Amino acid sequence: MACFIVSAVEAAVVTLVEKTAEKKEQKTADIELGKTEAVKIPLSRKLRWLRNMLLGGVVLLAFEHVWHGEVVPWFPFLTAMSDPADAAEMFHEMATIGVGMAALVTAAWACMCFAADSIMSRQQKEPTKTR
Amino acid sequence: MTLLITVFAAVIATVKWYNREDDSMRLGILLFMYWGASLMWLVDAIFEYAELKAEYFTPALEDMLNDTFLGLAVVALGLVIWVVKLLIADPKGSVRAALSRKQNVMN
């Protein structure tokens, strides 16, 4: 009914954290300019992956809800909000399916970050084997 | 069906991204969008399966057709978003080159 809203809220929070991390990294890069350091994926880049995954999913899921007539272009935008019983069901769906969606996407992102870090450290150990 | 079609789109986008020559096509946008939606629909499918059990795998023909159309529409929407973002970013400068050529012809 409106399960994608949970992911949309998470995407907004991730965007804020990403921007803060990006600013912090720029400051650190200015200070450490010239120092040779091991290649590491910046946190802001990793957060951008999560943001893109969440936002992409939210946009396509919102379209699905429009397709099924659950989201409308007029107030209150969610058809379930017009009836208290439907609204209660919607909140229950958000608390179960919505949270589950956000959790699975975040877990997949965490696995992806772990894999990316392992690939990068492997690449540093065996620089001759890389393309 | 929507989940299946989106997963296929995500896998194709990932393979295309892996075989890319450079980042100018911005395939990452497409990849993250389809994988994000696929994971979200997977959760939806798990909850639906828990409710319907085996009935989940035998949908009515009309529902399946509607879901197929929805899946194709979702893939099309993803492609449109990607193309628009690509044209706006214009990493190869093709849009800028085309516009400046047009201006030169007009002048």
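Data for the structure
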{"read-out": "Rounded accessible area of A:Thr15 (nearest 10 Å², 1.4 Å probe)", "value": "40 Å²"}
{"read-out": "For segment B:2-106: accessible area per residue (Å², 1.4 Å)", "value": "67 Å²"}
{"read-out": "Residues of segment A:2-17 buried by at least 20 Å² on assembly (accessible area, 1.4 Å probe, chain alone as reference)", "value": "none"}
{"read-out": "Average partner coverage of A:56-69, which counts Cβ from other chains inside 10 Å", "value": "6"}
{"read-out": "Pairwise label distance in nanometres, B:Val83 with A:Glu25, each label 7 Å out on the Cα-Cβ vector", "value": "3.2 nm"}
{"read-out": "Accessible area (Å², 1.4 Å probe, nearest 10) - A:Met90", "value": "0 Å²"}
{"read-out": "Residue order for A:His68, A:His92 - accessible surface, 1.4 angstrom probe, largest first", "value": "A:His92, A:His68"}
{"read-out": "Dipole-positive endmost among B:Leu31, B:Thr58, B:Leu42 within chain B (Cβ charges, Cα centre)", "value": "B:Leu31"}
{"read-out": "Top positive-direction residue, dipole computed over chain A with Cβ charges, set A:Thr96, A:Val59, A:Ala110", "value": "A:Ala110"}
{"read-out": "For chain A: relative contact order, % (alpha-carbon pairs under 8 angstrom, 6 or more apart)", "value": "40 percent"}
{"read-out": "Chain A, accessible area per residue, ligands and nucleic acids excluded (1.4 Å, Å²)", "value": "63 Å²"}
{"read-out": "Chains A and B together, accessible area buried on both sides, 1.4 angstrom probe, square angstrom", "value": "2000 Å²"}
{"read-out": "Backbone HN-Hα couplings from phi across segment A:72-77 [Karplus 6.51/-1.76/1.60, Hz, Gly and Pro as x]", "value": "10, x, 10, 4, x, 6"}
{"read-out": "Candidates B:Phe32, B:Phe69, B:Phe57, ranked by Gaussian network fluctuation over chain B, Cα under 10 Å, top entry", "value": "B:Phe57"}
{"read-out": "Area accessible to solvent at B:Glu55, 1.4 Å probe radius, in Å²", "value": "130 Å²"}
{"read-out": "Dipole magnitude of chain A, debye to nearest 20 (Cβ charges: Lys/Arg +1, Asp/Glu -1, about Cα centre)", "value": "1080 debye"}
{"read-out": "Cut-off under 5 Å, modelled amide H: who pairs with A:Leu78 long-range", "value": "A:Val72"}
{"read-out": "Portion, in percent, of the accessible area of the protein assembly as shown that falls on carbon or sulfur, probe 1.4 Å", "value": "67 percent"}
{"read-out": "Solvent-accessible surface ranking, highest first, for A:Asp30, A:Asp117, B:Asp44 at 1.4 angstrom", "value": "A:Asp30, A:Asp117, B:Asp44"}
{"read-out": "Kyte-Doolittle mean at least -0.5 and Cα axial length at least 20 Å: DSSP H helices in chain B", "value": "B:2-18, B:27-52, B:61-89"}
{"read-out": "Simple Cβ-charge dipole of the protein assembly as shown, Lys/Arg +1 and Asp/Glu -1, about Cα centre, in debye nearest 20", "value": "1840 debye"}
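The values are calculated or read from the model by the stated rules, or taken from the named source; none is laboratory data. What you see is a predicted model; the values in this text were computed from it and never measured. Neighbour counts run over all protein chains shown; Cβ positions are idealised from the backbone, glycine included. The area values use the complete protein model at the heavy-atom level, side chains included, leaving out ligands, DNA and RNA. Shrake-Rupley method; radii C 1.70, N 1.55, O 1.52, S 1.80 Å.
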